[in-house]
Structures are given as structure tokens and as C-alpha cells.
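Computed from the coordinates by the stated procedures, all read-outs in this text should not be read as laboratory data. Keep in mind that this is a model prediction, so the values were computed, not measured. Please note: Cβ atoms are built from the backbone with ideal geometry, for glycine as well, and neighbour counts cover all protein chains shown.
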Amino acid sequence: MNIVSQNHIFGEQLSSKISCFLEEFHVGKILKVCNAYKVRGFSVSNVFKVAFENAFRNKSFYQQEKMDSSVIPFAKDTFYRFMNSSCVNWRKFTLQLGKSIIQKIVPLTNENRRNVLIIDDSLLSRARSKNVELLAKVFDHVEHKYTRGSAC
């Protein structure tokens, strides 16, 4: 009897959800518009999918490669060459992806919904700073002590 590890099951579920996300928002087309091309070998979508999965697994490519190299079908040079490519316009990519996500969300809002204002009073701790603009001693209600910082 084989026992499948829970991490493997989680990895497969994550991979399938990421694949659905990439297909639903046409990430391959957005990458093409942003000059992400491969001359030969694996497709840009496959390389990007591995990068996206690693971000959600909170692991680097190196850690993923060392843990389970059978999951990654290409060499590390392919990955790093793609990520360091100067011809890919990453800012345009994030804007286009954000635009396609917002277009899916906009139909979910209507005039009957209430508008809200959220004020975040989180403390930005600057414990090692000495001379920074707007730096002051602020009482941190979470830790119940004064720290150097500024309210965001």
C-alpha cells in the first residue's frame, strides 16, 4: 500500500488551481504582449507557471529543485534566463493582469452596495532608524511599549 504525502496532494491542488487561474485570465497571451518569448525549448507559460507556483509555496526555485526535481521539467538556466530577461516588460504585465482581474470583478459590484472607508492605523516600526522624516516615539498597543516608528 502506498502512502501519498499530504505535501504532494497540496502541491497537486495548488498546481491545478494555478493552471485554472492562468487559463481564465489568459496569462499566456498577456506574456506574449509583454515581449516574453522563448527562442527554443519550453514555453514561456510553463516557465512562468513554475515561478508562480514557487511564489505561492513560499520557496525559491533552488529549494524547489532540490526538493523534487521531477516536478520541474527544465534546467535552472532556463528559469533564471527567463526571469532575468531584459526584454520582458514586467510592469506592463502586472498592469494587464490587474486589468483583466478587475474586469472580472466589476460586474460583481452594483449601486445597492454600501461604500466603506477603512482606516489602517498599523505601526511602521523603525527601531534602527535615528534620523528619518516623521519618525517619533509611538506607543504600540500590540506590544504595550513605546517604539520608534510612524503610523501608516
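P(r) for the range 25-67, please, calculated from all Cα pair distances in 10 Å bins and given in %.
Whole-percent P(r) values from 0 Å outward: 26, 46, 26, 2.
Arranged from highest to lowest average of other beta-carbon atoms within 10 Å per residue, in what order do the peptides 123-130, 94-101 appear?
Details: 123-130: 11.2, 94-101: 13.8.
Result, highest mean Cβ count within 10 Å first: 94-101, 123-130.
Can you pull the one-decimal nm distance between simple spin-label points at Asn58 and Thr147, each 7 Å off the Cα toward Cβ?
It is 1.9 nm.
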